[in-house]
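The values are calculated or read from the model by the stated rules, or taken from the named source; none is laboratory data. This structure is a prediction, so every number in the text was calculated from the model and none was measured. Quick reminder, even Gly has a Cβ in these numbers, built from the backbone with ideal geometry, and neighbours come from all protein chains shown.
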Amino acid sequence: MRAYQPYTEFQFNLWSFLLIAWALVGGIMYGLLLALVAMFIYLPIVFPLVLGGIAGKLLADYIKKRGLPNPTFALSCALLMGLTIYGTSQFFDYQSFKREMRGALEERFGEIEQTDFEEFTDYFLIENTGSPGYWGYLKLQAQEGIGIGRVARSSTFTLRGPGFWLYLLLDVGLLIGAAMVVVKLQTDNSFCPTCRSWYAAESIGYVTGALADSFMALLQQGSYKRAGTLITVDSTPRPYLRLAMSHCGCERGDSILKVTQVTGTTNGNESSKELTKGIISAQEENELLDATTEWEET
Ligand SMILES: [Zn+2]
């Protein structure tokens, strides 16, 4: 087998530009949605995770469709989208705070000029927290505390001080983290620069634990015919090797062979580890698989 080198080259083209645009536009859309829903109900941990997952899926599908294999670029877009979602919802939040404040002021003093109101808001925030604007608003929330598990504005408990900041960090971290994990699952796949398509993997069989070392040695030597005789198509008890072959869109192109070692853990769960991933030619693949078919027939 030849060593597998992942192709991750970044090309700045229309598709990569549109991915950035998607991250921003989609981020604003989801951020508004989050802010709207959060007016009525907000579930900490669950909402950021689900929304991050949905955002990541949107990006991953686009990355898959348009063939954008660079992981750094993809993850940056996920980060950008997560930040945009959170930023938009926070902006909306801050605006509703200002609207409420304006309502209360106008009730007492009558109509207020926009500039006077902005000045007063900043003065109020600086007086109470030491900072103007959004930052002051955040600090005000940390002082006064926010209700967690808020359902229709009644809350189960209130978070203040360091707890508030930790909560904020956790919320934004989960959202961005979920989006990045989903995107990474896509860019972890192999990409072929020739036909500009993703390799699709299919299982080609298993090797029982007792034959695993011999199989690996034969692969190393390039004896695909003999290695093939050790493959079974039926699953076997653990430990065993799981073999997957991936193809791209090229006709009679190279394939990627991935060997994963599957073992049982003491508590009965399955643990798997990638042993090797390499490139084999169409001819070598035939040798490997022909033997399996013969083995099946006898
Ligand atoms: Zn190809």
* Residue match in region 165-179 (condition: surrounded by 14 or more Cβ atoms within 10 Å (Cβ to Cβ), assigned to a strand (DSSP E or B) and either among the aliphatic types (A, V, I, L, M) or touching a His at 6+ places or on another chain (Cβ under 9 Å) (or both)) -> no
* Residue in region 81-97 that is of a type in the set (Val, Ile, Thr) and either free of Cβ contacts under 8 Å to residues at least 24 places away in the same chain or closer than 30 Å to GLY278 by Cβ (or both) present -> no
* Do the conditions hold for ALA200, that is, is it among the aliphatic types (A, V, I, L, M) and within 16 Å of the ligand (Cβ to nearest atom)? -> yes
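Report whether or not SER16 is without any contact (Cβ under 8 Å) to a residue 60 or more places away in the chain, farther than 30 Å from THR158 by Cβ and in contact with a helix residue (DSSP H, G or I) (Cβ under 8 Å, 6 or more places away or on another chain). Lay out the reasoning, then the answer.
Values: without any contact (Cβ under 8 Å) to a residue 60 or more places away in the chain: yes; farther than 30 Å from THR158 by Cβ: yes; in contact with a helix residue (DSSP H, G or I) (Cβ under 8 Å, 6 or more places away or on another chain): yes.
For SER16, the condition - without any contact (Cβ under 8 Å) to a residue 60 or more places away in the chain, farther than 30 Å from THR158 by Cβ and in contact with a helix residue (DSSP H, G or I) (Cβ under 8 Å, 6 or more places away or on another chain) - is met.
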* **Candidates LEU32, LEU36, LEU59, LEU105, filtered to the one that is surrounded by 18 or more Cβ atoms within 10 Å (Cβ to Cβ) and either within 21 Å of TYR134 (Cβ to Cβ) or out of contact with any Gly (no Cβ under 6 Å at 6 or more places or on another chain) (or both)** => LEU59
* **Given (1) β-branched (Val, Ile, Thr); (2) over 13 Å from the mean Cα position of the chain (by Cα); (3) loosely packed, with under 14 Cβ neighbours inside 10 Å, number of the condition THR72 does not satisfy** => (2)
* Structure fact -> Restricting attention to region 75-87, the residues that are buried (at least 20 other Cβ atoms within 10 Å of the Cβ) and among the polar types (S, T, N, Q) number exactly 1
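Can you pull out every residue in region 165-191 that is within 16 Å of the ligand (Cβ to nearest atom) and either touching a helix residue (DSSP H, G or I) at 6+ places or on another chain (Cβ under 9 Å) or more than 16 Å from THR72 (Cβ to Cβ) (or both)?
Step one: of region 165-191, the residues within 16 Å of the ligand (Cβ to nearest atom) are 189-191.
Selection gives ASN189, SER190.
If I filter region 231-253 down to residues being free of Cβ contacts under 8 Å to residues at least 60 places away in the same chain and within 11 Å of the ligand (Cβ to nearest atom), which single residue comes out as nearest to TYR7 (Cα to Cα)? Let's see the steps before the verdict.
At the first step, the residues of region 231-253 found to be free of Cβ contacts under 8 Å to residues at least 60 places away in the same chain are 234-252.
With within 11 Å of the ligand (Cβ to nearest atom) added as a condition, the list becomes 246-252.
On the way: SER246: 14, HIS247: 14, CYS248: 13, GLY249: 15, CYS250: 15, GLU251: 19, ARG252: 19 Å.
Applying the filter and picking the extreme gives CYS248.
Collect the residues in region 167-210 that are among the acidic types (Asp, Glu) and out of contact with any strand residue (DSSP E or B) (no Cβ under 9 Å at 6 or more places or on another chain), keeping them in residue-number order. Steps first, please.
To start, the set of residues in region 167-210 that are among the acidic types (Asp, Glu) comprises 171, 188, 202.
The answer is ASP171, ASP188.
Quick check on region 203-222: of everything there that is of a type in the set (Gly, Ala, Ser) and surrounded by 15 or more Cβ atoms within 10 Å (Cβ to Cβ), which residue is nearest to the ligand (Cβ to nearest atom)?
Restricting attention to region 203-222, the residues satisfying the condition of being of a type in the set (Gly, Ala, Ser) are 203, 205, 209-210, 212, 214, 217, 222.
Subset that is surrounded by 15 or more Cβ atoms within 10 Å (Cβ to Cβ): 205, 209, 212.
Numbers: GLY205: 23, GLY209: 34, ALA212: 30 Å.
The selected residue is GLY205.
If you check THR194, THR266, which single one turns out to be within 16 Å of the ligand (Cβ to nearest atom), out of contact with any Phe, Trp or Tyr (no Cβ under 7 Å at 6 or more places or on another chain), of a type in the set (Val, Ile, Thr) and farther than 13 Å from MET1 by Cα?
Numbers: THR266 fails: within 16 Å of the ligand (Cβ to nearest atom).
From the options THR194, THR266, the qualifying one is THR194.
Given the structure, is SER272 of a type in the set (Ser, Thr, Tyr), within 16 Å of the ligand (Cβ to nearest atom) and not in a helix (DSSP H, G or I)? Let's see the steps before the verdict.
Values: of a type in the set (Ser, Thr, Tyr): yes; within 16 Å of the ligand (Cβ to nearest atom): no; not in a helix (DSSP H, G or I): yes.
Here the answer is no, as SER272 does not meet what is asked.
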* Asked: Has region 105-120 got any residue that is modelled with pLDDT of 90 or more, assigned by TED's automatic domain parsing to the domain that holds LEU36 and closer than 22 Å to ALA38 by Cβ?
  -> no
* Do we find a residue being in contact (Cβ under 8 Å) with a residue 12 or more places away in the chain, assigned to a strand (DSSP E or B) and more than 17 Å from the chain's Cα centre (by Cα) anywhere in region 184-196? -> yes
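State all residues of region 44-77 that are within 26 Å of CYS192 (Cα to Cα), not small (Gly, Ala, Ser) and not in a helix (DSSP H, G or I); if no residue qualifies, say none.
At the first step, the residues of region 44-77 found to be within 26 Å of CYS192 (Cα to Cα) are 55-77.
From the residues that got through so far, the ones that are not small (Gly, Ala, Ser) too are 57-59, 61-66, 68-73, 75, 77.
LEU68, PRO69, ASN70, listed by residue number.
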